[in-house]
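Written out below as structure tokens is the structure these notes cover.
Since every read-out is calculated from the coordinates, none of them should be taken as a lab result. These numbers come from a predicted model, not from an experiment. When we count neighbours, we look across all protein chains shown, and the Cβ atoms used for this are built from the backbone with ideal geometry, even at glycine.
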Amino acid sequence: VCCVLDYGSQYTQLIARRIRDSGVLSVLMPGDVTMERIKGAQPKTIILSGGPNSVHVEGAPRVPDGFWEYCAENDIPVLGICYGMQLIVHQLGGEVKTADGGGEYGRMPMNVVRDSTLFSTEEQDSQLVWMSHGDEAVKLPDGFSVVARSEQGAIVAIEHPKRRIFGLQYHPEVVHSERGAETIRHFLFDIAKMTGDWRMEDVLEEEMEKIRLQVGPTDHVICALSGGVDSTVAATLVLGDRLHCVFVDNGLLRYKEAERVMDTFNQHLHLPVCKVDDADRMLGRLKGLSDPEAKRKAIGAEFIDGTLYPDVIESCPPPGKGQKHSHTIKSHHNVGGLPEDLQFELIEPLRELFKDEVRSLGRLLGVPEQFISRHPFPGPGLAVRIIGDVTEGDRLDVLREVDEVFINSIREWGLYDKIWQAFAVFLPVRSVGVQGDQRTHSHVVALRAVTSSDGMTADWYPFQPDFLRYVSTKICNTVRSVNRVVYDVTSKPPGTIEWE
Ligand code: XMP
């Protein structure tokens, strides 16, 4: 295992991803992780991520006490990236300062200045790397040497080969660092001597074993199914006669979604699923709310204390009633997070995986492709796709109809699998139009379709004009209260995928 300590960089997920792509299991841990948890993972190597802080800010994250001693005793190589490198320098007795001139940002050249353990080939001597830092190391701790410098002369790679501690000021994990992936592989395989034989099958076995250990012989498992790929794969992992699946219709689902999900679960997965109708209560909570955060909070609160516990327990009692222990599976800590006094034990088999890894796991488990390839759908549902008050007028119905036309059109044109996520957004404005010689003053909807590999960054999908023409005509002809369709051409960043 390679543990990645997350100090808050927007690229931390990418570090974990690069490591797994190399065939090494990586586990993300929060920056304030305890030594116990690190020891529990028995890491062969540890990477300290970047982060937005300066080491000099009060309360800036640090490695836990005993970290360096533990790594030395167990001969664990450590690589610090950006903030991670500054942490190494600062905590081991060197000096980090705010960079003169405000730092280095973007893609720029760096040069290796001496023979090193970190860079093994000549091709690496001069390379373009991705920088994003305001602080820099100006004096290294004893025994460390400078391996590379930026064109401006800043220290951008350091090492102490004997102690097996390494630091990179730039981000080798982003594609803009031309030899970054090579450097990470060199660290994992040549320096840390990892084997690179980790496969998705291993996750499957490990997770099943963990579940077997956690769920005792008389325990029962409740799985909240959403119909999406994560919960379906999670349920399939636990399949057995002590698994009780529940599907909650929260009133914020797509067109006929509840019926379709129930049908497909029964027909294709042969999962006994119990449906709970919470639409009225959820919409009641949302009435009059138009601030995005207030809406999300209301949904989160209802999700937790309104639906799950009382309804599930009343309407889906486990066969052997009165069991002492129950477990519940959730693949997302959705919206507001879970309460502290959760009266279940949590099983989160997919917690560490990215969406496309969950998909691979699902394929290994034989989950039908129609579940695997579904676009993600957010927990707060259509509520984050209706700007303003969800409950006003017929907004939900209008949006459902538009969304259905859009998604069906994408399928008809063979584009569904090329797109990460596609949906419509209801805008709280009206526009003037003309339909059948009549002046109209009707709804405006926006369409959004993006490509992405993990939802962290995304690009808008470049539909052909023919498709856009087809779909906008079809929407206005099918959904009579809509007279204008616009297409969202914003990437993430600066936008997010959802509008709220
Ligand atoms: P954003 O809008 O943050 O979305 O770019 C990234 C991905 O996450 C989904 N999303 C959510 N999923 N609960 C979820 O389960 C949520 O509260 C939530 N908010 C956004 C979104 O659909 C996209 O795939």
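Of note:
- When the square roots of the Cα gyration tensor eigenvalues are ordered a ≥ b ≥ c, the ratio a/c for the stretch 62-118 is 1.5 or more and a/b does not exceed b/c, which makes its shape oblate.
- Annotation for the stretch 135-193 versus the stretch 345-421: alpha-carbon center distance of 40 Å.
- Using the Karplus relation 6.51 cos²θ - 1.76 cosθ + 1.60 with θ = phi - 60°, the per-residue 3J(HN,Hα) values for the stretch 172-181 come to x, 7, 8, 5, 6, 8, 4, 10, x, 4 Hz, with x marking Gly and Pro.
- Fully extended contour minus Cα-Cα distance, from residue 32 to residue 201, at 0.36 nm per residue: 57.8 nm
- Dipole in debye (nearest 20) - the chain, about Cα centre, beta carbon charges: Lys, Arg +1; Asp, Glu -1: 840
- Residue 346-residue 415 pseudo-label distance in nm [points 7 Å out on the Cα-to-Cβ vector]: 3.8
- Cleavage-rule hits, GluC sites (Glu not before Pro), the stretch 96-154, DSSP coil, Cβ neighbours within 10 Å at most 14: 151
- Total formal charge among the other residues, if their Cβ is under 14 angstrom from that of residue 406, Lys/Arg +1 and Asp/Glu -1: +2
- Between 0 and 90 degrees, the angle of helix 200-214 with respect to the longest Cα principal axis of the chain falls at about 80 degrees.
- The HN-Hα couplings worked out from phi for the stretch 348-358 by the Karplus form 6.51 cos²θ - 1.76 cosθ + 1.60 (θ = phi - 60°) are 10, x, 10, 3, 8, 9, 7, 3, 5, 6, 4 Hz, whole numbers, x standing for Gly and Pro.
- Phi angles of the stretch 285-294 translate, via the Karplus equation with coefficients 6.51, -1.76, 1.60 and θ = phi - 60°, into HN-Hα couplings of 5, 8, 4, x, 8, 10, 6, x, 5, 4 Hz per residue; Gly and Pro are given as x.
- Net length gained if the chain between residue 75 and residue 241 were fully extended (0.36 nm per residue, minus Cα distance): 55.2 nm
- Net +/- balance of residues flanking residue 117 in space, Cβ distance below 9 Å, scoring K and R +1, D and E -1: -2
- Cα-based equivalent ellipsoid of the stretch 373-438: semi-axis lengths in Å, sorted from largest, via gyration tensor: 24, 18, 8
- Pairwise label distance in nanometres, residue 363 with residue 397, each label 7 Å out on the Cα-Cβ vector: 4.2
- Spatially proximal lysines relative to residue 474 (Cα-Cα < 30 Å; intrachain offsets below 8 disregarded): 256, 418, 492
- Proximity of backbone amide H atoms, modeled 1.01 Å from N, is registered between residue 148 and 113, 156, 157 at under 5 Å, excluding neighbours fewer than 5 places apart on the same chain.
- Semi-axes of the equivalent ellipsoid for the stretch 209-314, computed as √(5λ) from the eigenvalues of its C-alpha gyration tensor and ordered from largest down, come to 28, 17, 12 Å.
- Extreme residue, positive dipole direction of the chain, given options 98, 265, 220 (C-beta unit charges): 265
- Prolate/oblate/rounded label for the stretch 2-191 (Cα gyration tensor, a/c 1.5): rounded
- For the chain, share of DSSP beta bridges that run antiparallel, in % to the nearest 5: 50
- Residues whose amide H falls under 5 Å from that of residue 461, counting only those 5 or more places apart or on a different chain, are 449, 450, 451, with hydrogens built in the peptide plane.
- Cβ-derived FRET efficiency at R0 51 Å, residue 441 paired with residue 181, nearest 0.05: 0.40
- Cα shape, the stretch 409-500, gyration tensor, a/c 1.5 rule: oblate
- Near residue 256, once Lys and Arg are set to +1 and Asp and Glu to -1 for all other residues with Cβ below 10 Å from its Cβ, the sum equals -1.
- Added length on full extension, which subtracts the Cα-Cα distance from 0.36 nm per residue, residue 218 to residue 54: 54.0 nm
- Ordering 37-45, 397-405 by mean Cβ neighbour count within 10 Å, with the highest value first, yields 397-405, 37-45.
- On the principal axes of its alpha-carbon atoms, the stretch 343-454 has extents of 57, 42, 20 Å, going from largest to smallest.
- Semi-axes of the equivalent ellipsoid for the chain, computed as √(5λ) from the eigenvalues of its C-alpha gyration tensor and ordered from largest down, come to 45, 31, 20 Å.
- Modelled this way, with points 7 Å down the Cα-to-C-beta line, the labels at residue 268 and residue 62 are 5.3 nm from one another.
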